[in-house]
Amino acid sequence: MPRSLAKRAGSGAAALLVAGLLSGCNQTLPGAPTGNPAVGECHLIVSPEQFDAVSDPSPPVSCTEAHTAQTYKVTQVPAPLSGQETRPGQQELKVLTQRLCDVASLRTYLGARERDGATGLAIAAYAPSRDDWERGARAVRCDVLLAANDGTPRTTTADFKGVLAGPESAALRLCYRQELAEGLLSDDGADIPCTEPHTAEDISAWVNLDSSVATPAARNARCLPYALQFLGVEALPPGIALRPIIRTVNGAHTVRCAVAPLQSNVQPSPGTMTGTLAPAGGQKRG
């Protein structure tokens with residue numbers, strides 16, 4: 001089953017998508033030829049056997065119809081592995097596809113800028129079937145999937161090509177919903193897509209919480225350059241606030257830089273904004 005993509009952060013660096021890799025049984029299912037995949041094709045993969053297979057022979061479907069995967073990259077098995085007459089085993093293919101189906105290519109396909117992250121995505125990679133390999137096929141198909149929290153792919157009618165550069169990007173962007181207590185929003189917040197009501201939007205800049213960012217003012221100062229880059233402006237616009245999120249995972253404390261409409265700080269309850277503040281998107285009251 002494809003593994004979920006996760007964000008990885010470092011001081012002064014954009015949060016990156018971490019590629020999953022194909023797992024499961026070393027099997028081939030009957031179906032369409034696997035030797036000539038094409039970038040942009042969509043597939044509807046519905047059974048555990050299909051998710052777990054080393055090769056996926058499901059025929060392409062229209063991307064305007066329900067599908068679970070879209071091919072964002074097609075590449076070739078390199079030498080010397082490509083010279084084998086018999087298809088390599090599962091473990092060899094896992095190592096190979098993890099390297100070939102890279103995150104940088106996915107970010108380019110999604111139309112992601114440096115400060116654009118994504119949530120709820122997974123990568124799956126498929127090699128030629130044994131029969132197609134013996135006929136000379138060496139193409140590796142790299143697919144992006146919309147994934148549930150447990151990593152299970154979900155059906156969608158979205159076209160992922162350039163999606164983060166367009167108005168539909170809010171469904172893939174990470175936002176936070178904070179709780180309101182005694183007129184103040186909590187430092188932490190639940191991770192949600194930006195199509196749901198939220199109080200802050202992640203801008204793909206996560207830094208370690210240390211003495212240099214111990215105060216709210218210091219956190220805002222650290223996050224400001226990233227916010228300007230995310231918004232595509234030289235000065236923070238009126239009505240836009242910095243709202244860093246503090247997250248503790250396994251004892252490690254991280255500041256997640258985020259932005260929000262200033263008005264959401266004075267709403268009677270959190271989570272009254274939907275959409276994205278990214279230049280190609282749109283934010284509205286819920």
In sequence order, calculated HN-Hα J values of the range 103-115 (Karplus, 6.51, -1.76, 1.60; Hz; x Gly/Pro) = 6, 4, 5, 5, 4, 4, 5, 6, x, 7, 7, 4, 8
Amide H within-cut-off set for Thr276, under 5 Å, with H built and near neighbours excluded = Gly282, Gln283
Mind listing the long-range amide H neighbours of Val61? Cut-off is under 5 Å, sequence gap 5 or more, other chains count too, H placed in the peptide plane at 1.01 Å from N.
-> Cys42, His43, Leu44
Quick one: give the max-minus-min coordinate of the C-alpha atoms of the range 189-239 along each principal axis, largest first, in Å.
-> 34, 28, 18
Segment Thr215-Glu182, length gained on full extension (0.36 nm per residue, minus Cα span) = 9.9 nm
Which whole-Hz couplings ³J(HN,Hα) result when phi for each residue of the range 231-243 is put into the Karplus expression 6.51 cos²θ - 1.76 cosθ + 1.60, θ = phi - 60°, listed in order with x for Gly and Pro?
-> 7, x, 10, 9, 9, 4, x, x, x, 10, 10, 7, 9
Return the FRET efficiency for the residue pair Val95, Leu236: r is the Cβ-Cβ distance, R0 is 41 Å, and the value is rounded to the nearest 0.05.
-> 0.35
log10 I(q)/I(0) for the range 48-167, Debye formula on C-alpha points only (no solvent), q = 0.17 Å⁻¹, two decimals, reads -0.90
In whole Å, largest first, the alpha carbons of the range 169-285 cover along the principal axes 35, 33, 25
Taking θ as phi - 60°, what are the ³J(HN,Hα) couplings along the range 80-96 by the Karplus curve (6.51, -1.76, 1.60), each to the nearest whole Hz, with x for Gly and Pro?
-> x, 4, 5, x, 6, 6, 9, 4, x, x, 4, 5, 4, 5, 4, 4, 5
Long-range amide H contacts for Thr75: which residues qualify at under 5 Å (H placed 1.01 Å from N, peptide plane, sequence gap of 5 or more or a different chain)?
-> Val140, Cys142
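Every number in this text was worked out from the coordinates using simple rules, so none of it is lab data. Computed from a predicted model, the values in this text were never measured in an experiment. All Cβ positions, glycine included, derive from the backbone under ideal geometry; neighbour counts span all protein chains shown.
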